[in-house]
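Scroll down for the structure; my scribbles are underneath it.
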Amino acid sequence: MFNKAIVRKVGPEIKNGLTTQSSGPPQWKKALMQHDNYCNTLRSLGLELFVLDSDPKLADGVFVE
């Protein structure tokens, strides 16, 4: 079972990220709230989070592999 997770903060560059949605580019403020909920869920499952800073060169960089 996993007990650690790596996440990256969401930066304003997410608006330039790839999307399959027809509703327009990703919304930064909405993505911030969604990412915060995601991190809280991981913590509630007992995972220790390692949080990386956002990277302006990586519009899709919030997805850490």
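One residue stands out among those in region 45-63 that are under 15 Å from Leu18 (Cα atoms) and in contact with a Lys or Arg (Cβ under 9 Å, 6 or more places away or on another chain): the one that is modelled with the lowest pLDDT, which is Phe63. For beta carbons closer than 9 Å, sequence separation of 6+ or different chains, a first residue in region 39-56 that is more than 24 Å from Pro12 (Cβ to Cβ) and touching a residue at least 40 places away in the same chain (Cβ under 8 Å) and a second that is surrounded by 11 or more Cβ atoms within 10 Å (Cβ to Cβ) and of a type in the set (Gly, Ala, Ser), the qualifying pairs are Leu47/Ala5; Glu48/Ala5.
Summed over region 35-52, residues that are of a type in the set (A, V, I, L, M, F, W, C) and either touching an Asp or Glu at 6+ places or on another chain (Cβ under 6 Å) or not in a strand (DSSP E or B) (or both) total 4.
Residue count for region 1-44 under the criterion of being among the hydroxyl-bearing types (Ser, Thr, Tyr) and either modelled with pLDDT of 90 or more or in contact with a Phe, Trp or Tyr (Cβ under 6 Å, 6 or more places away or on another chain) (or both): the result is 3. Restricting region 1-34 to residues that are assigned to a helix (DSSP H, G or I) and over 12 Å from the mean Cα position of the chain (by Cα) leaves a set whose member that is surrounded by the most Cβ atoms within 10 Å (Cβ to Cβ) is Lys15. Looking across region 1-46, the residues that are more than 13 Å from Asp60 (Cβ to Cβ) and among the polar types (S, T, N, Q) come down to Asn3, Gln21, Ser22, Ser23, Gln27, Gln34, Asn37, Asn40, Thr41, Ser44.
The values are calculated or read from the model by the stated rules, or taken from the named source; none is laboratory data. This is a predicted model, so every value here is computed, not measured. As a convention, Cβ positions derive from the backbone with ideal geometry for all residues, glycine included, and neighbour counts pool all protein chains shown.
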